[in-house]
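Engineer: The structure follows.
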Amino acid sequence: MKVAHYLRASIAAAVATIVLKTAAWWLTGSVGLLSDAMESFVNLAAAVFALAMVTIAHAPADEDHPFGHGKAEYFSSGFEGLLILGAALAILWAAVQRLLLPEPLDRLGLGVALSMVSSAINGGVAWMLLRAAREHDSIALEADGRHLMTDVWTSIGVAAGVLLVPLTGWWWLDPLLAIAVALNITREAWGLLRRSIDGLMDRALSEAEQAAIRRVLAEHVREGIRFDHLRTRRAARDKFCQFHMHVPGRWSLWLAASRRAAVERALSQAVPGLKVTIELLPQSVEPAGLQETQEQA
């Protein structure tokens, strides 16, 4: 199943939960349930944008984008973070108004039941998205899945709190729950924005992946071969590494190239999906640009 298919399922779930949660709010008049419904609109917009960005990210490399379009997924998670932040501000505004002018709640049983049905839908889709995110190494799926899972726990908390309102007579509890929802999803928004910015700034591969690369290189240090200036980066699901491979100056180009190919194959097996760039150099030679940088330092 492709990444886009999972996001289409997320869009369908968002539409269903919008209907259910909006009905729950309309029946009860609860601003807490309203805040829950507003987050479902965010889910829908985020899933649609994620689908568009994933489609772009999976497009093949072209003349203008020779390294591919993988970073488009970071725009997806960043956009989702901004949407969540906007929803949080809107929820806070509505909650403060209700806190100042409290109103009684109606038909809570049916309203909460509709909210729980929507939570069950979101929970199933979130589990599916997070599992697919690990399988496809997709930050867009992970962002959408984590957001939906946050929505599930938010809905459960809001429903429990709303049911306590008529039991306690604390009408201010409903808008207070909405404020708590807003603060919680603000935290989620910040996490998504931070990860998106981090990815767009060419973050290195994980420690485990870098350790696997170094182990492979250490296994090939022989017959005068040495490696230096290893650099790695990640662009969503795409992984890159580049380094210098120094070989004896007396070697033929064919021999040096064949040893380089062996290193590339070993790295591809150690880190699946890794795109490797190896610059061949004689043992005692460094690129002119690198030498100038070292001298300036």
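The values are calculated or read from the model by the stated rules, or taken from the named source; none is laboratory data. Because the structure is predicted, anything quoted here is derived from the model rather than measured. Cβ atoms come from the backbone with ideal geometry, glycine included; neighbour counts cover every protein chain shown. Ligands, DNA and RNA are stripped out before the accessible areas are found, and what is left, the full protein with its side chains, is counted by its heavy atoms. Shrake-Rupley method; radii C 1.70, N 1.55, O 1.52, S 1.80 Å.
Engineer: Select, from VAL247, VAL276, the only residue that is farther than 30 Å from ASP137 by Cα, at pLDDT 85 or above and aliphatic (A, V, I, L, M).
Structural biologist: Result: VAL247 is the single residue among VAL247, VAL276 that is farther than 30 Å from ASP137 by Cα, at pLDDT 85 or above and aliphatic (A, V, I, L, M).
Engineer: Restricting attention to region 35-63, and to residues there that are farther than 19 Å from VAL125 by Cβ and touching a His at 6+ places or on another chain (Cβ under 8 Å), which single residue is least open to solvent (accessible area, probe 1.4 Å)?
Structural biologist: Top of the filtered list is ALA57.
Engineer: While we're on this one: Just to check your reading of the model, which residue among GLY81, GLY86, GLY68, GLY123 is in contact (Cβ under 8 Å) with a residue 12 or more places away in the chain and farther than 30 Å from THR28 by Cβ?
Structural biologist: Exactly one residue qualifies, and that residue is GLY68.
Engineer: Kindly evaluate ASP144 against the criterion of being part of a helix (DSSP H, G or I) and of a type in the set (Asp, Glu).
Structural biologist: Here the answer is yes, as ASP144 does meet what is asked.
Engineer: With respect to GLY32, determine if the residue is open to solvent by less than 10 Å² (accessible area, probe 1.4 Å), in a helix (DSSP H, G or I), under 17 Å from THR150 (Cβ atoms) and touching a residue at least 24 places away in the same chain (Cβ under 8 Å).
Structural biologist: yes
Engineer: Which of the residues spanning region 201-224 are in contact (Cβ under 8 Å) with a residue 12 or more places away in the chain and open to solvent by 70 Å² or more (accessible area, probe 1.4 Å)?
Structural biologist: Within region 201-224, ARG203, ARG214, ARG215, GLU219, GLU223 meet the criteria.
Engineer: If I filter region 81-90 for residues that are in contact with a helix residue (DSSP H, G or I) (Cβ under 8 Å, 6 or more places away or on another chain), open to solvent by 80 Å² or more (accessible area, probe 1.4 Å) and not acidic (Asp, Glu), do I get at least one hit?
Structural biologist: yes
Engineer: Looking at region 105-159, which of its residues are more than 30 Å from TYR74 (Cβ to Cβ), crowded, with 18+ Cβ neighbours inside 10 Å and not β-branched (Val, Ile, Thr)?
Structural biologist: Once the filter is applied, which keeps residues that are more than 30 Å from TYR74 (Cβ to Cβ), crowded, with 18+ Cβ neighbours inside 10 Å and not β-branched (Val, Ile, Thr), region 105-159 yields LEU105, LEU108, GLY111, LEU114, SER115, ALA159.
Engineer: If you don't mind, another one. For region 241-273, enumerate the residues that are outside any helix (DSSP H, G or I) and either polar (S, T, N, Q) or touching a residue at least 60 places away in the same chain (Cβ under 8 Å) (or both).
Structural biologist: GLN242, SER252, VAL271, GLY273
Engineer: Here's another thing I want to ask about it. If you check PHE67 against the conditions, is it assigned to a helix (DSSP H, G or I) and not small (Gly, Ala, Ser)?
Structural biologist: Taking the combined requirement at face value, the residue does not satisfy it.
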